[in-house]
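Asks: Questions regarding the structure given below will be posed in turn.
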Amino acid sequence: MRKRYLLAMGLLAMGLACSGCSKSSGQLDGGIIRIAYNQALTHPHYQALERAGERFKEATGGRYEFLIYPNEVLGDQRATLELIQNGAIQMAIVNNAMVENYNKDFSILGLPYIFDSQEHQKEVFTSGILEPLFESTKEEGFEVMAAYTAGSRNVYTGKPIETPKDLDGMKMRVMESPTMVAMMKYMGGVGTPMSQGEVYTAIQQGVLDGGENNEITYVDLKHYEVAPVFSKTQHVMIPDLVIAESAYLERMKPEDRELLTQILEDSVEDEFNLWNEQIETAKESAREHGVTFVDVDIKPFQENCKKLHEEATSGSVFGKELYNGIRALAR
Ligand code: GCU
């Protein structure tokens with residue numbers, strides 16, 4: 001992994017030397033938009049973004065192009081967010097949990113059981129109510145262009161997890177944010193924050209008892225080899241966010257920026273469709289690899305996590321409004 005990372009950084013440096021760093025001033029008339037991504041080329045996020053890139057290229061007569069670096073070659077999500085802030089790359093897909101570390105109000109979007117269904121989530125992502133939140137990180141050097149679904153997350157370990165008690169004392173990997181750690185505490189386990197690429201080995205070596213994720217990532221990263229029991233807690237539908245460097249967007253001609261914004265907004269629907277096409281295949285593949293799926297009564301988990309809803313909305317008027325706005329869109 002380290003070798004791949006260094007190689008990619010070398011390539012990136014060469015690319016920047018050729019095309020000029022995006023931190024330099026002056027209006028842009030086109031260019032290569034470098035994008036970091038931590039998963040495979042086959043993943044719905046990658047595919048939706050790739051298609052968006054093709055549309056943008058066509059719409060700008062070939063002046064702009066997307067260049068997506070997959071599989072964490074530019075580092076984990078935390079590192080790639082910093083690459084955007086430094087202007088070394090222009091875009092990335094990172095999980096909402098990463099962005100929560102820059103503006104706590106993002107935690108609302110990643111609350112356990114805040115979405116009732118995929119339809120509800122799609123309504124929230126496409127309704128425009130997230131715009132003020134998405135612009136709120138401009139001062140940090142980046143902004144959110146779109147939210148993609150990543151299904152719902154479930155816990156996996158070596159035994160069935162049917163009640164919060166079953167997670168007692170179990171070290172479960174969570175994404176790196178305070179809300180994810182708190183979520184696991186309310187679910188009954190011990191949340192251990194870690195980046196995605198380290199999880200397999202940590203479970204294998206017994207540093208962790210398990211993890212939590214959606215079926216696609218669980219299968220893509222072969223986590224079933226080290227944690228073959230997948231319990232359907234469906235505890236969080238936390239989105240992935242397409243983020244872009246604000247300084248770069250400002251240097252684009254307004255009409256190009258609008259095109260990019262529109263195309264990325266349109267890609268949300270596309271990504272939901274791709275997700276639904278791939279999710280069954282992932283489950284099927286898990287079964288073929290011997291995974292045991294466990295049905296779970298989610299009510300006790302939901303009940304325990306309510307406290308986190310109160311905590312997340314208590315300190316912020318904006319957060320409370322956002323929370324109410326999201327819930328109002330539930331059918
Ligand atoms: C999901 C999500 C990723 C995230 C990963 C993780 O796959 O789509 O953005 O990195 O979970 O658990 O780290």
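Asks: If TYR102 satisfies every condition in (1) away from the ligand (no atom under 12 Å from the Cβ); (2) part of a helix (DSSP H, G or I); (3) in contact with a Ser or Thr (Cβ under 6 Å, 6 or more places away or on another chain) but one, which is the exception?
Replies: (2)
To keep it simple, each residue is scored yes or no on (1) farther than 30 Å from ALA88 by Cα; (2) crowded, with 24+ Cβ neighbours inside 10 Å; (3) at pLDDT below 95; (4) under 17 Å from the mean Cα position of the chain (by Cα).
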{"position": "LEU109", "(1), (2), (3), (4)": "no, yes, no, yes"}
{"position": "SER127", "(1), (2), (3), (4)": "yes, no, no, no"}
{"position": "GLU131", "(1), (2), (3), (4)": "no, no, no, no"}
{"position": "PHE134", "(1), (2), (3), (4)": "no, no, no, yes"}
{"position": "ALA150", "(1), (2), (3), (4)": "no, yes, no, yes"}
{"position": "ASN154", "(1), (2), (3), (4)": "yes, no, no, yes"}
{"position": "SER177", "(1), (2), (3), (4)": "no, no, no, yes"}
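Asks: Does ILE263 satisfy being within 21 Å of ARG78 (Cβ to Cβ) and not basic (Lys, Arg)?
Replies: no
Asks: Going by the conditions given, is VAL124 within 14 Å of the ligand (Cβ to nearest atom) and either under 15 Å from TYR148 (Cβ atoms) or in contact with a Cys (Cβ under 6 Å, 6 or more places away or on another chain) (or both)?
Replies: So VAL124 does not fit the description; no.
Asks: Identify the single condition in (1) part of a loop (DSSP other than H, G, I, E, B); (2) more than 16 Å from the ligand (Cβ to nearest atom); (3) buried (at least 19 other Cβ atoms within 10 Å of the Cβ) that GLY61 does not satisfy, given that it satisfies every other one.
Replies: Answer for GLY61: the failing condition is (3).
Residues are listed down the side, and each one gets a yes or a no for (1) in contact with a helix residue (DSSP H, G or I) (Cβ under 6 Å, 6 or more places away or on another chain); (2) within 19 Å of ASN324 (Cα to Cα):
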{"site": "ALA48", "(1), (2)": "yes, no"}
{"site": "VAL73", "(1), (2)": "yes, no"}
{"site": "ILE84", "(1), (2)": "no, no"}
{"site": "GLY87", "(1), (2)": "no, no"}
{"site": "MET98", "(1), (2)": "yes, no"}
{"site": "GLN118", "(1), (2)": "no, yes"}
{"site": "GLU123", "(1), (2)": "no, yes"}
{"site": "THR137", "(1), (2)": "no, no"}
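Asks: Can you tell me how many residues in the range 70-120 are of a type in the set (Asp, Glu) and free of Cβ contacts under 8 Å to residues at least 60 places away in the same chain?
Replies: Residues flagged as of a type in the set (Asp, Glu) and free of Cβ contacts under 8 Å to residues at least 60 places away in the same chain within the range 70-120 amount to 1.
Asks: Condition (residue is in contact with a helix residue (DSSP H, G or I) (Cβ under 6 Å, 6 or more places away or on another chain) and among the hydrophobic types (A, V, I, L, M, F, W, C)) applied to the range 190-207: is it met by at least one residue?
Replies: no
Asks: Away from the ligand (no atom under 13 Å from the Cβ) and not in a loop (DSSP other than H, G, I, E, B): does that describe ILE108?
Replies: Spelling it out, ILE108 is indeed away from the ligand (no atom under 13 Å from the Cβ) and not in a loop (DSSP other than H, G, I, E, B).
Yes or no, residue by residue, for (1) β-branched (Val, Ile, Thr); (2) over 20 Å from THR217 (Cβ atoms):
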| position | (1), (2) |
| --- | --- |
| ASN38 | no, no |
| THR42 | yes, no |
| PHE66 | no, yes |
| ILE84 | yes, yes |
| GLY87 | no, yes |
| GLN90 | no, yes |
| SER107 | no, yes |
| GLU123 | no, yes |
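Asks: Looking only at the range 296-316, count every residue that is closer than 15 Å to SER107 by Cβ and either part of a loop (DSSP other than H, G, I, E, B) or of a type in the set (Gly, Ala, Ser) (or both) and tell me the total.
Replies: 4
Asks: Here are some residues: ARG173, ARG153. Which one is of a type in the set (Lys, Arg) and within 24 Å of ASP116 (Cβ to Cβ)?
Replies: Exactly one of ARG173, ARG153 is of a type in the set (Lys, Arg) and within 24 Å of ASP116 (Cβ to Cβ), namely ARG153.
Asks: Still on this structure: Can you give me the number of residues within the range 231-279 that are more than 14 Å from the ligand (Cβ to nearest atom) and part of a strand (DSSP E or B)?
Replies: Residues in the range 231-279 being more than 14 Å from the ligand (Cβ to nearest atom) and part of a strand (DSSP E or B): 7 in total.
Asks: Something else about it: Filter the range 195-217 for residues that are within 13 Å of the ligand (Cβ to nearest atom) and of a type in the set (A, V, I, L, M); which is nearest to HIS235 (Cα to Cα)?
Replies: Among residues in the range 195-217 that are within 13 Å of the ligand (Cβ to nearest atom) and of a type in the set (A, V, I, L, M), the one nearest to HIS235 (Cα to Cα) is ILE216.
Asks: Would you call LYS253 within 30 Å of LYS307 (Cα to Cα), among the basic types (Lys, Arg) and out of contact with any Lys or Arg (no Cβ under 8 Å at 6 or more places or on another chain)?
Replies: It is false that LYS253 is within 30 Å of LYS307 (Cα to Cα), among the basic types (Lys, Arg) and out of contact with any Lys or Arg (no Cβ under 8 Å at 6 or more places or on another chain).
The values are calculated or read from the model by the stated rules, or taken from the named source; none is laboratory data. Here the structure is a predicted model, which is why all the values come from computation and not from measurement. Here Cβ is always computed from backbone atoms with ideal geometry, including for glycine, and neighbour counts include all displayed protein chains.
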